[in-house]
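Reading through the structure tokens given below for one structure.
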Amino acid sequence: MADPKGFLKTQERELPARRPVSVRLMDWKEVYEQGDMATVRRQAGRCMDCGIPFCHHGCPLGNLIPEWNDFTRRDEGRQAIERLHATNNFPEFTGRLCPAPCEASCVLGINQPPVTIKQVEVSIIDQAFANGWVTPHPPERLTGKTVAVVGSGPAGLAAAQQLTRAGHTVAVYERDDRIGGLLRYGIPDFKMEKRHLEGRLTQMMAEGTRFRAGIEIGVDISWDDLRARYDAVIVCTGATVPRDLPIPGRDLDGVHFAMEYLVQQNKVGAGDDILGQITAEGKHVVVLGGGDTGADCIGTAHRQGALSVTNLAIGKQPPVERPENQPWPMFPTLFEVSSAHEEGGERTFLASTVEFLSNESGEVRAIRVAETEFLDGRRVPKAGTEREIPADLVLLALGFTGAEADDITGQLGTRFDQRGNIERDSDYQSTAPGVFVAGDAGRGQSLIVWAIAEGRAAASAVDRYLEGETELPFPVKPTDRAISI
Ligand SMILES: Cc1cc2nc3c(=O)[nH]c(=O)nc-3n(C[C@H](O)[C@H](O)[C@H](O)COP(=O)(O)OP(=O)(O)OC[C@H]3O[C@@H](n4cnc5c(N)ncnc54)[C@H](O)[C@@H]3O)c2cc1C
Ligand code: SF4
């Protein structure tokens with residue numbers, strides 16, 4: 001039962017401070033200060049335990065938010081983490097990285113600032129790790145069935161943990177040299193330090209999940225062989241094909257996809273030496289694209305010592321306040337000022353890049369941009385508005401077009417849908433029997449919370465496929481999308 005007057009006693013949202021920009025730019029640590037539990041408890045106490053908790057529907061995992069808010073308010077951390085883990089394998093990831101659609105659908109948010117749900121979530125799991133409450137849950141008996149999970153991002157990890165705990169023998173194959181997918185090599189440490197990933201992998205290994213890094217399925221082991229070796233396969237290979245910008249000058253030195261750049265810095269952060277690392281040090285940097293990936297490039301460039309950082313987006317600047325056509329409880333598209341934006345640089349909207357310009361050595365020296373105008377619903381450069389922006393390093397953060405096609409299609413006969421994703425039915429099964437698809441590989445580039453939810457659901461489908469029945473939860477269907485009215 002929630003505190004009936006909590007939301008009246010505490011009307012403000014209180015979040016931990018971000019470290020001062022000048023200090024945090026000198027290191028790669030997370031930007032937030034450690035929150036204090038008294039503030040977290042006050043915020044959790046603002047939850048009204050509504051008759052219809054819309055936040056449940058806002059969260060793709062169906063997190064039991066009012067229940068763990070109440071345990072937190074009462075300082076019952078062990079019960080809180082038990083309820084949180086009931087629906088979410090990895091709250092330390094979502095509590096740091098989720099854009100929190102739950103908060104957009106919080107009932108308090110209709111006429112007050114919503115409960116700081118994401119902050120409560122991360123505080124519960126951080127306290128649980130600190131107190132040693134996160135322990136391995138190995139299965140009581142083994143089924144004798146084997147499952148291969150291909151790809152070790154959040155979808156693959158969630159599926160593997162669910163199936164290992166259900167008693168199946170699970171191996172996770174990853175082509176990178178380290179486990180974690182985009183949690184490892186996409187997302188920079190200033191958003192989530194890798195120790196959180198390591199902590200969870202330690203638990204998973206103790207439960208019996210086996211990890212095989214540095215093995216690319218389709219190359220080192222064929223998809224056919226893998227299917228023959230295991231009773232079921234789950235494909236969690238992500239949506240890794242970057243959207244390109246094929247304009248004049250695209251092949252100049254110094255024009256790179258964002259992921260080439262972010263992976264290298266994450267490897268350096270892990271202690272690797274990268275010969276000829278792409279770095280922003282002493283350069284004018286232009287980042288094309290306004291999403292999470294673009295923001296991660298901006299924060300990385302500032303920490304590497306860029307001379308200037310310019311971020312260009314082709315579309316309009318989103319509104320600051322919820323617009324009328326995206327009413328509560330929808331998850332609105334708003335102008336976001338992430339921690340990386342706060343750290344400097346210039347953001348320009350309605351900017352269409354026309355050409356990359358070269359110096360005498362074949363390196364990029366500037367980009368030519370024009371204002372965007374809308375003609376018959378298309379975005380085109382407006383004549384007469386072109387200007388040059390100096391650029392020694394250009395990073396393309398224009399999104400991803402879908403999953404990689406060649407090997408899996410040729411060797412297993414899976415099909416792709418019109419959006420470039422691997423086709424699957426309502427039970428996550430692809431057109432190849434016994435081969436399931438979860439996360440960005442089937443959904444397209446999305447969010448960590450959706451990847452975990454799909455990994456959990458695909459695990460449930462695989463368990464039923466192998467055993468004829470299952471007790472594992474099935475939180476989302478492949479066709480589910482963010483809350484709409
Ligand atoms: C730079 C960046 C920042 C982001 N920031 C956020 C954020 O702040 N919050 C958020 O919610 N979402 C964020 N996202 C999106 C989020 O990271 C993804 O939606 C999520 O990681 C998808 O999980 P996944 O498990 O489906 O795939 P991925 O995390 O992409 O993992 C797929 C893995 O499969 C491996 N793989 C591929 N093919 C093979 C093969 N043949 N054999 C073996 N292994 C293979 C890949 O190497 C990779 O490790 C971000 C994305 C990017 C690119
Ligand atoms: S996972 Fe995301 S949507 Fe779900 S409760 Fe946490 S912050 Fe909210």
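The values are calculated or read from the model by the stated rules, or taken from the named source; none is laboratory data. Computed from a predicted structure; not experimentally measured. Every residue, glycine among them, receives a Cβ derived from its backbone with ideal geometry; neighbour counts consider all protein chains shown. When the accessible area is computed, the model is the full protein with side chains, heavy atoms only, and any ligands, DNA or RNA have been set aside. Shrake-Rupley method; radii C 1.70, N 1.55, O 1.52, S 1.80 Å.
If you scan segment 426-476, which residues turn out to be of a type in the set (Lys, Arg) and near ligand 1 (Cβ under 10 Å from one of its atoms)?
Arg443
Give the number of residues within segment 364-386 that are in a strand (DSSP E or B), under 32 Å from the mean Cα position of the chain (by Cα) and farther than 12 Å from Ile314 by Cα. Qualifying residue count for the region: 4.
With respect to being within 16 Å of ligand 1 (Cβ to nearest atom), within 20 Å of Pro16 (Cα to Cα), surrounded by fewer than 23 Cβ atoms within 10 Å (Cβ to Cβ) and of a type outside the set (Lys, Arg), Pro91 falls outside the description. What about Arg41, is it away from ligand 2 (no atom under 15 Å from the Cβ), of a type in the set (D, E, K, R) and touching a residue at least 24 places away in the same chain (Cβ under 8 Å)? Yes. Does at least one position in segment 248-257 carry a residue that is in contact with a strand residue (DSSP E or B) (Cβ under 9 Å, 6 or more places away or on another chain) and within 30 Å of Asp425 (Cβ to Cβ)? Among the residues of segment 248-257, not one is in contact with a strand residue (DSSP E or B) (Cβ under 9 Å, 6 or more places away or on another chain) and within 30 Å of Asp425 (Cβ to Cβ), which makes the answer no.
Each row is one residue, and each column tells you yes or no for (1) of a type in the set (S, T, N, Q); (2) part of a loop (DSSP other than H, G, I, E, B).
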| position | (1), (2) |
| --- | --- |
| Thr401 | yes, no |
| Thr409 | yes, no |
| Gln445 | yes, yes |
| Thr470 | yes, yes |
| Val476 | no, yes |
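Residues in segment 85-115 that are of a type in the set (S, T, N, Q) and touching a residue at least 60 places away in the same chain (Cβ under 8 Å) were compared, and the one that is farthest from ligand 2 (Cβ to nearest atom) is Gln112.
Looking only at segment 156-175, residues that are touching a helix residue (DSSP H, G or I) at 6+ places or on another chain (Cβ under 6 Å) and open to solvent by 10 Å² or more (accessible area, probe 1.4 Å) come to 2 in all. If you go through segment 190-227 and pick out every residue that is part of a loop (DSSP other than H, G, I, E, B) and of a type in the set (Gly, Ala, Ser), you end up with 4. The set of residues in segment 37-57 being within 22 Å of the chain's Cα centre (by Cα) and at pLDDT below 95 consists of His56, His57. Leu375 falls short of the stated requirement of being open to solvent by 30 Å² or more (accessible area, probe 1.4 Å), within 16 Å of ligand 2 (Cβ to nearest atom) and without any contact (Cβ under 8 Å) to a residue 60 or more places away in the chain.
Is one or more of the residues making up segment 386-396 within 15 Å of ligand 1 (Cβ to nearest atom) and under 27 Å from Lys191 (Cα atoms)? Yes, there is a match, as at least one residue in segment 386-396 is within 15 Å of ligand 1 (Cβ to nearest atom) and under 27 Å from Lys191 (Cα atoms).
If you go through segment 19-36 and keep only what is surrounded by fewer than 18 Cβ atoms within 10 Å (Cβ to Cβ) and at pLDDT below 95, you end up with Glu33, Gln34, Asp36.
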